[in-house]
Every structure is written in C-alpha cells, then in structure tokens.
Amino acid sequence: MRDAMCALAQTPAARHPRSLESGRRFLRRKVANVHAARVQRNQMVHGRWGIEAHRHKVVNVIGLPSGTQQSIDYTLAELTAFNEELRALERELARLRENWPL
C-alpha cells in the first residue's frame, strides 16, 4: 500500500492536491473491499464444509473441533455472488495494474 501511495505521489495528478486526495480515498476503498473479500475467502478455504439438504444450505464451519467454532450458512446464490465479487476484484486489479504500473 505504501509503495502504491509513493508511486501515486510521483504522478502528474499529484501536483493537484484534490487529485492526490481523491486517489488516496479511491485506494483506501479498494483496499477495504479487497480485505473484506480476503477474510471471507480465508474462512471458506480454511473451514470445513457440510450440507444441510433440508434447509437448502451449504455450511462452512470455522475453527477447530476441540475449540470455539463458527458456522456460516450459505445459499448457492450467495456462493455464486461471492464468486462473482472475487472475479470482479480480479478484473479491477488487472485494470489497476495496467493503468497504474509500479
């Protein structure tokens, strides 16, 4: 993040304080969005999965069986939406890399 901010500060837009502050706000929003997706992705990848067929839910259990556990229920539509969100973030990152190479 710091490297991105330093690179942004070197651009012609940095000569205009409003543009620089706008860029910082933009990057902060992007970082917050990616962080939230990363947390959810890590829960999904490192959790255990099950199915509650009678409720039409997919269940992700986070935590060790011998300790505190958290159970999160997902519908297939919710899992599909999260997958689409991750793909959109991937496209956005590719666009940012193309437009703001470091």
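The values are calculated or read from the model by the stated rules, or taken from the named source; none is laboratory data. Just so it is clear, the structure is predicted and the values come from calculations on it, not from any experiment. Glycine gets a Cβ as well: all are built from the backbone with ideal geometry, and neighbour counts include every protein chain shown. Ligands, DNA and RNA are stripped out before the accessible areas are found, and what is left, the full protein with its side chains, is counted by its heavy atoms. Shrake-Rupley method; radii C 1.70, N 1.55, O 1.52, S 1.80 Å.
Computed values, structure above
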quantity: Boolean, Gly63 is farther than 21 Å from Leu93 by Cβ, modelled with pLDDT under 95, touching a strand residue (DSSP E or B) at 6+ places or on another chain (Cβ under 8 Å) and not hydroxyl-bearing (Ser, Thr, Tyr); calculated: yes
quantity: Qualifying position, being touching a helix residue (DSSP H, G or I) at 6+ places or on another chain (Cβ under 7 Å), among the hydrophobic types (A, V, I, L, M, F, W, C) and at pLDDT 95 or above, among Val58, Val34; calculated: Val58
quantity: Given (1) open to solvent by 50 Å² or more (accessible area, probe 1.4 Å); (2) at pLDDT 60 or above, number of the condition Met1 does not satisfy; calculated: (2)
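Each row is one residue, and each column tells you yes or no for (1) small (Gly, Ala, Ser); (2) loosely packed, with under 12 Cβ neighbours inside 10 Å; (3) assigned to a helix (DSSP H, G or I).
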{"site": "Glu21", "(1), (2), (3)": "no, yes, yes"}
{"site": "Arg28", "(1), (2), (3)": "no, no, yes"}
{"site": "Ala32", "(1), (2), (3)": "yes, yes, yes"}
{"site": "Arg41", "(1), (2), (3)": "no, no, yes"}
{"site": "Val45", "(1), (2), (3)": "no, yes, yes"}
{"site": "Glu78", "(1), (2), (3)": "no, no, yes"}
{"site": "Arg87", "(1), (2), (3)": "no, yes, yes"}
{"site": "Glu92", "(1), (2), (3)": "no, no, yes"}
